[in-house]
Amino acid sequence: EALCSFPSESLQVTLTFLGIPQEGGDVGAVHAPTTETKTKDSEFHVSTLDSAQDSKQDDPERISVRRYLVVHTIYATDHAIDWTLEAKFAEARYSYFRVAFVRASVIMPLGVLVLAINSALFHHWERVGILLGLVSPIYCLCAYIALWHEQKFLRLSGTSSEKLLIAVLCVQTLFIVFAECVRPELDYGMLAMHMGYLNNFTPMTALSMQIVSAAFGLLPYCLAQTIAFIFPSWRVSADNGVPWWNPVDGEKDKAPQVGDLALCTPADPTSKVQLVTSMLVPITIFLYQVMVTYQRDKSIRWDNLVKHKLHVKKQMLESEQQKNEDMLSGMLPKQIIKALKALQLAPSSENIKPQHFQDVTVIFVEICDFSRLCSYVPARDVVEVLNIVYHEFDRLSDLL
């Protein structure tokens, strides 16, 4: 600002160092000694020459998708997890899964409604109440949040609201297991459908959804199956303790007919083989979901990483182009630069003609006590100081 206030004439600027600088401290100030009292101090700072190392650490080519905790993937370099890219990917998941999450959250209540109607036909009112009053509304709530509060939904990652949503899904999973427990015979049909919903359509991290499925779904279900096997008498209807097909006196030995069975015919809990089968099948389904989620998550991560690398390289290219522009503008007038660009885009035999400028300004810069400065300051800091001084005066000359 001080230099721009001077008239267009030859101007000599003296750069005086106020003291021997410490690393990271002030180097000096710019003074413009003229007959006018218009001066402006501009502080310089010596930065460490570790930019090459920093750029190496930030090099996206060193980031890759790696296996983590056996069946999960992360972004990591050779020595550490890239938490910045992890946070960006967690945010991107909400954008990737939003449409599928809304559709699945709308379809799931329809499946719950079918199961509730089937339970009502056999007078299993406790199960009907749990399915329609506790399980289905949570699906509808998820669809409502993702559909009508899109911006808030896309910003859920890493917030307390996301933790609350995960807690709600944990409670919902327990409700589903409890709804299966109040049936005459324990079954895994609804639980398997819910695990597919959690692992394939929810935008939360794969690890969190697998914990929800295992800790709040599979574990309580297997525990209930084990209790039913040890104490078979507990699997009776809540209607006065009679069996679920409600046999009357004299018909207690009557086997249930096909029309009396629920949609998912369960295994007999008194059989060890059927007990193992009833527990092994949902566990197998869960493991299959884990492997599918792992492959899908890995594929999405690689796609996201490629986009990130392209974005970084584009920024680097734009930065280099800007540096070239600044370098050219420091050596040539803007009119000449435009002519060179036009000549590069449309080559012709015509040469660029020299131009005459009537009004120009020349700046002479002198660094006082430069020899003494070099004797006290390390060589690399001297080079950096010169680089800073040159670029700063080059920037100021553009303002003239």
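Some points to look at:
- Qualifying residue in the range 294-306 (condition: farther than 24 Å from residue 63 by Cβ and modelled with pLDDT of 50 or more): no
- Total residues in the range 173-192 satisfying the condition of being in contact with a Phe, Trp or Tyr (Cβ under 8 Å, 6 or more places away or on another chain) and modelled with pLDDT of 90 or more: the figure is 4.
- Residue within the range 154-164 that is farther than 24 Å from residue 297 by Cα and modelled with pLDDT of 90 or more present: no
- Test: residue in the range 59-67 that is of a type in the set (Gly, Ala, Ser), in contact (Cβ under 8 Å) with a residue 60 or more places away in the chain and either surrounded by fewer than 13 Cβ atoms within 10 Å (Cβ to Cβ) or assigned to a strand (DSSP E or B) (or both): yes
- Per the listing 336, 352, 363, the residue uniquely of a type in the set (Val, Ile, Thr) and under 18 Å from residue 388 (Cα atoms) is 363.
- Scan of the range 78-92 for residues that are without any contact (Cβ under 8 Å) to a residue 24 or more places away in the chain and either open to solvent by less than 50 Å² (accessible area, probe 1.4 Å) or among the aromatic types (Phe, Trp, Tyr) (or both), ordered by number: 81, 82, 83, 86
- Close pairs from the range 158-177: first in contact (Cβ under 8 Å) with a residue 12 or more places away in the chain, partner of a type in the set (Ser, Thr, Tyr) and open to solvent by less than 70 Å² (accessible area, probe 1.4 Å), Cβ under 7 Å, at least 6 apart: 166/208; 177/221
- Flag if residue 294 is open to solvent by 100 Å² or more (accessible area, probe 1.4 Å) and within 29 Å of residue 70 (Cα to Cα): no
- Of the listed requirements (1) surrounded by fewer than 18 Cβ atoms within 10 Å (Cβ to Cβ); (2) within 19 Å of the chain's Cα centre (by Cα); (3) outside any helix (DSSP H, G or I); (4) of a type outside the set (Val, Ile, Thr), residue 75 misses just one: (1).
The values are calculated or read from the model by the stated rules, or taken from the named source; none is laboratory data. Being a predicted model, the structure only gives us computed values, none of them experimental. FYI the Cβ positions are ideal-geometry reconstructions off the backbone, even for glycines, and counts take in every protein chain you see. Heads up: the accessible areas ignore ligands, DNA and RNA and are worked out on the full protein's heavy atoms, side chains in. Shrake-Rupley method; radii C 1.70, N 1.55, O 1.52, S 1.80 Å.
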